[in-house]
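Novice: Supplied in structure tokens, the structure appears directly below.
FYI, it's all coordinate maths here, none of it is from the lab. Treat the numbers as computed from the prediction; the structure is a model and nothing was measured. Using ideal geometry, Cβ is built from the backbone for each residue, glycine included, and neighbour counts are taken over all protein chains shown.
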Amino acid sequence: MKNRVYKPFGLLLAGAVVMSSMFTSCKSSKEVSNVKNETEIEVFCSGDQYRSDKSNFRANSIGESSDQVTARKKAMSNAKADLAGLIQTVIKGTTDNYVNSREFNNVEEVEERFESLTREVLNQQLNNIKVLCEKQTVTKEGRYKTYIAIEMSVDALEEALNNKLSKDARLKVDYDYEKYKETFEKEMEKLENSGGY
């Protein structure tokens with residue numbers, strides 16, 4: 001007879017647990033439905049295929065203006081600035097690691113010289129970028145938007161850097177291209193492993 005008393009209580013407890021989980025489920029689906037009120041937008045010229053890898057530095061950006069040409073100029077300028085920032089980060093890491101692995105008399109002077117020369121090379125190379133993707137749209141308000149993705153070859157940059165660094169009178173004696181290249185490639189691997197940003 002005791003079993004009969006506990007069975008309905010057990011069923012009642014199980015029912016309460018099921019009802020509780022249903023309410024929790026309803027609450028969760030309600031939160032998800034709020035996300036459904038959002039509209040996903042497509043950002044042209046972006047995504048995995050426009051991320052940097054070991055072979056290419058890549059950047060993308062958007063420019064907006066009431067003038068179509070200005071919108072494109074803004075997008076290109078922004079993308080080049082992003083690309084330059086990314087490359088400078090990689091080169092800074094390369095230079096720091098390379099200089100610290102070598103025995104230079106005046107480390108600060110060598111680092112400064114490397115940075116100066118790499119800035120020169122980078123500014124020249126930014127004129128040799130490749131446009132991977134370009135799309136233009138016009139908004140309801142009549143404003144133009146340009147979406148753009150650009151890339152710079154790692155090999156071309158590396159070659160230009162080597163030419164500049166190996167011909168510099170102050171660095172010529174201590175500059176080891178193979179060691180620098182090896183250090184640079186390690187920095188590129190780090191970049192690729194971090195998702196190419």
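Novice: Pairs to check: K36/K190; K92/K172; K92/K135; K145/K190; K130/K186; K135/K181. Give those whose C-alpha atoms are more than 29 Å from each other in this structure.
Specialist: K36/K190; K92/K135; K145/K190; K135/K181
Novice: So, one more: Under the Karplus relation 6.51 cos²θ - 1.76 cosθ + 1.60, θ = phi - 60°, what is the ordered set of whole-Hz ³J(HN,Hα) values for the stretch 157-169, x standing for Gly and Pro?
Specialist: Going residue by residue, I get 5, 4, 5, 5, 4, 4, 4, 5, 5, 6, 9, 6, 4 Hz, with x marking Gly and Pro.
Novice: Among residues other than L161 whose Cβ falls under 14 Å from its Cβ, what is the net charge (Lys/Arg +1, Asp/Glu -1)?
Specialist: Net charge around L161: -4.
Novice: Calculated FRET efficiency, E109 and K130, Cβ-Cβ r, R0 41 Å, to nearest 0.05?
Specialist: 0.70
Novice: Can you pull out the GluC sites (Glu not before Pro) in the stretch 88-137 that DSSP calls coil and that have at most 15 other Cβ atoms within 10 Å?
Specialist: Here the GluC sites (Glu not before Pro) that fit, given the DSSP loop and packing criteria, are E103.
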